[in-house]
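Participant: For reference, the structure I am asking about is given below.
The values are calculated or read from the model by the stated rules, or taken from the named source; none is laboratory data. Predicted model, so just to flag it, every value in this text is computed and none were measured. Here the Cβ positions follow ideal geometry from the backbone for every residue, glycine too, while neighbour counts run over all protein chains shown.
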């Protein structure tokens with residue numbers, strides 16, 4: 001870029017690096033939980049390898065999203081605290097932002113789709129946030145959030161395309177890599193659920209620092225495989241539809257600009273699972289792992305159980321990204337399988 | 001006792017001690033999981049203190065029972081392996097024995113009540129064991145087991161009144177105490193579910209070694225509060241009924257002889273919870289902790305949530321002892337609360 005062009009064009013935001021993830025880990029210490037690694041002998045026997053599980057369903061607010069939200073919000077200046085924060089989210093980011101704002105004594109407004117699982121709406125309100133709902137098919141959540149932010153003098157906390165959000169989500173990967181290392185386990189592959197790609201990006205940065213040779217895969221619902229196609233083509237691809245998977249947490253339209261810039265050179269590829277495979281995984285987690293995992297949080301387990309990658313005699317690291325599932329849907333799934 | 005009496009009477013079996021728990025930990029290493037400590041900010045906020053959770057629902061076979069079973073069975077001589085083992089159990093001990101026998105390539109026969117949750121029956125068979133069912137109201141499970149053992153030349157693995165079973169269950173307490181110590185947390189109280197009292201006994205031995213000042217409480221269903229009454233009176237008391245609580249894992253008739261001899265001088269007292277309080281706890285574990293806990297495994301959480309002991313500004317260590325619950329019952333509970 002020429003100096004002239006540089007002075008005119010808005011320069012792209014700097015991408016976070018491994019050191020940003022390390023600093024985020026310092027910020028969230030004592031606020032986010034250091035979730036354990038869980039391993040299950042029956043699952044290992046089933047796949048003929050070792051499956052190392054990072055259960056972020058056990059995280060504060062029931063998903064990894066608190067990590068990024070707290071890393072972002074805790075860095076807001078005192079002047080920004082009165083207006084508070086605004087976020088748009090299918091649910092888990094909403095809860096993360098609401099809980100982080102509450103810990104920092106800030107007001108929070110959350111813009112949520114009308115088809116959000118009830119548990120995510122009521123939990124968000126339970127963290128003291130105001131919830132504004134919109135129609136996923138006809139309304140633009142970013143426009144609604146911008147309007148609210150302007151009116152209230154609030155700061156928008158985006159769900160994934162933000163250096164501090166990515167670095168915060170990366171702390172899940174950092175802990176995972178550190179704890180695998182402490183156990184003497186070198187992971188052959190890492191599987192991460194992908195919606196906007198924030199968790200994948202942050203986790204990829206963390207693994208690059210500690211396990212640079214580990215293969216990294218995004219995992220998505222079949223009809224929302226924008227990461228798979230984007231990684232394959234080298235360009236950001238969109239999904240054809242906006243709704244229509246049981247994985248409500250993973251329905252972003254396409255990979256984020258920043259997240260894709262991080263993921264594209266680091267991820268080995270993408271995996272996709274059907275809704276039926278996801279339901280089987282949620283039921284397996286109930287029956288055998290004894291963990292409550294929401295559909296979107298179970299895609300990596302689904303990929304392992306459905307044989308989407310070779311696990312034989314390998315160490316496979318997977319993230320279960322959340323556990324906020326309505327009792328009705330959960331019951332339907334565990335009784336059917 | 002006079003020398004003459006001593007030579008005639010059968011001397012009581014030696015009680016296990018802290019060192020037996022330590023040796024059991026060596027035996028089960030790499031076979032049983034070292035379950036993590038889990039803490040939940042929402043639960044801590046709710047009770048105004050810290051609740052440190054040992055989630056044995058995540059253990060191999062879905063409950064702590066594998067620990068004692070493996071510690072006992074792994075010490076059987078080669079000559080005992082052909083006849084295998086026999087056990088009687090309401091379900092979790094059955095699965096523990098079946099899985100331990102399978103790991104040691106031994107046959108196992110399990111005598112189970114007809115009203116055992118289906119998941120426990122099918123899981124037990126899934127570990128390669130033969131299941132024999134009986135009527136809890138009219139038949140004597142110990143007699144059935146003795147008869148089977150005689151016919152097959154098998155060794156009976158009792159559910160709790162055995163030094164190696166107690167020492168094995170105590171490894172859950174040993175890990176718990178060690179990991180609390182590593183976190184710099186000194187527990188004011190420890191709550192342990194009590195059926196026959198094996199987990200309570202083993203865990204009490206472990207805490208005596210590392211946290212001798214921690215108050216220790218048994219927790220039971222209201223109508224099966226034999227430990228509470230026995231600890232209060234100093235003598236083993238029986239329950240009036242054999243069935244009638246949602247906590248199928250905790251319906252032993254009375255404390256064991258050996259377990260009570262260990263627990264009586266060590267336990268501070270007993271707590272009792274209603275079935276409704278237990279159901280609320282199972283639902284809370286689903287919604288907030290994201291753990292699948294069976295009713296009998298949730299009694300300590302129920303005691304904490306129902307305010308059965310003072311948690312304010314205290315560190316309360318609780319064991320969630322198992323997660324083997326039928327999907328139908330689980331669904332009913334999580335949808336009702």
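Participant: On the basis of being over 22 Å from residue B:199 (Cα atoms), away from chain A (no Cβ under 14 Å) and in contact (Cβ under 8 Å) with a residue 40 or more places away in the chain, does residue B:168 make the cut? Explain how you work it out, then say what you get.
Facilitator: On the way: over 22 Å from residue B:199 (Cα atoms): no; away from chain A (no Cβ under 14 Å): yes; in contact (Cβ under 8 Å) with a residue 40 or more places away in the chain: yes.
Spelling it out, it is not the case that residue B:168 is over 22 Å from residue B:199 (Cα atoms), away from chain A (no Cβ under 14 Å) and in contact (Cβ under 8 Å) with a residue 40 or more places away in the chain.
Participant: Okay, next question. Can you name the residue in the range A:126-151 that is in contact with a helix residue (DSSP H, G or I) (Cβ under 6 Å, 6 or more places away or on another chain) and within 14 Å of chain B (Cβ to nearest Cβ) and, of all such residues, is nearest to residue B:46 (Cα to Cα)?
Facilitator: Of everything passing the filter in the range A:126-151, A:127 is nearest to residue B:46 (Cα to Cα).
Participant: Could you tell me whether any residue of the range A:219-231 is free of Cβ contacts under 8 Å to residues at least 24 places away in the same chain and surrounded by fewer than 24 Cβ atoms within 10 Å (Cβ to Cβ)? It would help to see each step written out before you state the result.
Facilitator: Looking only at the range A:219-231, we keep the residues that are free of Cβ contacts under 8 Å to residues at least 24 places away in the same chain, and these are A:223.
In the following step, the residues that additionally are surrounded by fewer than 24 Cβ atoms within 10 Å (Cβ to Cβ) were identified as A:223.
Yes; the residues of the range A:219-231 include at least one that is free of Cβ contacts under 8 Å to residues at least 24 places away in the same chain and surrounded by fewer than 24 Cβ atoms within 10 Å (Cβ to Cβ).
Participant: Only one residue in A:228, A:190 is in a helix (DSSP H, G or I) and either under 22 Å from residue A:17 (Cα atoms) or assigned by TED's automatic domain parsing to the domain that holds residue A:36 (or both). Which one?
Facilitator: Values: A:190 fails: in a helix (DSSP H, G or I).
None of the other options fit; the residue is A:228.
Condition check ((1) within 14 Å of another protein chain (Cβ to nearest Cβ); (2) closer than 25 Å to residue A:177 by Cα; (3) free of Cβ contacts under 8 Å to residues at least 24 places away in the same chain; (4) touching a helix residue (DSSP H, G or I) at 6+ places or on another chain (Cβ under 7 Å)) across all residues:
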{"position": "A:274", "(1), (2), (3), (4)": "no, no, no, yes"}
{"position": "A:309", "(1), (2), (3), (4)": "no, yes, no, yes"}
{"position": "A:332", "(1), (2), (3), (4)": "yes, no, yes, no"}
{"position": "A:337", "(1), (2), (3), (4)": "yes, no, no, yes"}
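Participant: Answer yes or no as to whether residue A:262 is at pLDDT 95 or above and assigned to a strand (DSSP E or B).
Facilitator: On the way: at pLDDT 95 or above: yes; assigned to a strand (DSSP E or B): no.
Here the answer is no, as residue A:262 does not meet what is asked.
Participant: While we're looking at this one, here's another question. Give A:293, A:282, A:246 a once-over and let me know the one that is within 14 Å of chain B (Cβ to nearest Cβ) and outside any helix (DSSP H, G or I). Spell out how you get there, then give the answer.
Facilitator: Details: A:282 fails: outside any helix (DSSP H, G or I); A:246 fails: within 14 Å of chain B (Cβ to nearest Cβ).
Every option except A:293 fails the conditions.
Participant: Sticking with this one: Among the residues of the range A:178-194, write down those that are surrounded by fewer than 24 Cβ atoms within 10 Å (Cβ to Cβ) and either touching a residue at least 12 places away in the same chain (Cβ under 8 Å) or in contact with a helix residue (DSSP H, G or I) (Cβ under 8 Å, 6 or more places away or on another chain) (or both).
Facilitator: So the first thing to find is which residues in the range A:178-194 are surrounded by fewer than 24 Cβ atoms within 10 Å (Cβ to Cβ), and the list is A:178-186, A:188-189.
Within the range A:178-194, A:178, A:179, A:180, A:181, A:183, A:185, A:186, A:188, A:189 meet the criteria.
Participant: Starting from residues that are crowded, with 20+ Cβ neighbours inside 10 Å, within 13 Å of chain B (Cβ to nearest Cβ) and in a helix (DSSP H, G or I), keep the ones in the range A:20-64 and report whichever is farthest from the chain's Cα centre (by Cα).
Facilitator: A:43
Participant: To continue, here is another question. Has the range A:112-125 got any residue that is within 28 Å of residue A:29 (Cα to Cα) and in contact with a helix residue (DSSP H, G or I) (Cβ under 6 Å, 6 or more places away or on another chain)? Walk me through how you get there before you give the answer.
Facilitator: Our first condition is that a residue be within 28 Å of residue A:29 (Cα to Cα); within the range A:112-125, this holds for A:119-125.
Okay, now just the ones that are also in contact with a helix residue (DSSP H, G or I) (Cβ under 6 Å, 6 or more places away or on another chain), so A:123-124.
Checking the range A:112-125: at least one residue is within 28 Å of residue A:29 (Cα to Cα) and in contact with a helix residue (DSSP H, G or I) (Cβ under 6 Å, 6 or more places away or on another chain).
Participant: Looking at the structure I just gave you, is residue A:235 assigned by TED's automatic domain parsing to the domain that holds residue A:319, over 26 Å from residue A:116 (Cα atoms) and more than 18 Å from the chain's Cα centre (by Cα)? I'd like the intermediate steps shown before the answer.
Facilitator: Details: assigned by TED's automatic domain parsing to the domain that holds residue A:319: yes; over 26 Å from residue A:116 (Cα atoms): yes; more than 18 Å from the chain's Cα centre (by Cα): yes.
So residue A:235 fits the description; yes.
Participant: If residue A:94 satisfies every condition in (1) assigned to a helix (DSSP H, G or I); (2) under 19 Å from the mean Cα position of the chain (by Cα); (3) within 14 Å of chain B (Cβ to nearest Cβ) but one, which is the exception?
Facilitator: (3)
Participant: Let me ask you something else. Please indicate, with yes or no, whether at least one residue in the range B:195-207 is at pLDDT 95 or above and surrounded by fewer than 24 Cβ atoms within 10 Å (Cβ to Cβ).
Facilitator: Within the range B:195-207, not a single residue is at pLDDT 95 or above and surrounded by fewer than 24 Cβ atoms within 10 Å (Cβ to Cβ).
Participant: Return only the number of the condition from (1) out of contact with any strand residue (DSSP E or B) (no Cβ under 6 Å at 6 or more places or on another chain); (2) within 14 Å of chain A (Cβ to nearest Cβ); (3) on the phi < 0 side of the Ramachandran plot that residue B:265 does not satisfy.
Facilitator: (2)
Participant: When you go through (1) assigned to a helix (DSSP H, G or I); (2) under 24 Å from residue B:59 (Cα atoms); (3) not assigned by TED's automatic domain parsing to the domain that holds residue B:263 one by one for residue B:171, which number turns out not to apply?
Facilitator: (3)
For every residue, the table says whether it meets (1) in the same structural domain as residue B:289 (by TED's automatic domain parsing); (2) at pLDDT 95 or above.
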| position | (1), (2) |
| --- | --- |
| B:53 | yes, yes |
| B:56 | yes, yes |
| B:74 | no, yes |
| B:79 | no, no |
| B:88 | no, no |
| B:114 | no, no |
| B:119 | no, no |
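Participant: Going by what's in this entry, would residue B:239 be described as in contact with a helix residue (DSSP H, G or I) (Cβ under 7 Å, 6 or more places away or on another chain), surrounded by fewer than 24 Cβ atoms within 10 Å (Cβ to Cβ) and closer than 24 Å to residue A:322 by Cβ?
Facilitator: When the stated conditions are applied, residue B:239 does not pass them.
Participant: A follow-up question, please. Taking residue B:324, is it within 12 Å of chain A (Cβ to nearest Cβ), in a loop (DSSP other than H, G, I, E, B) and over 15 Å from residue B:222 (Cα atoms)?
Facilitator: Numbers: within 12 Å of chain A (Cβ to nearest Cβ): yes; in a loop (DSSP other than H, G, I, E, B): yes; over 15 Å from residue B:222 (Cα atoms): yes.
Yes, satisfied.
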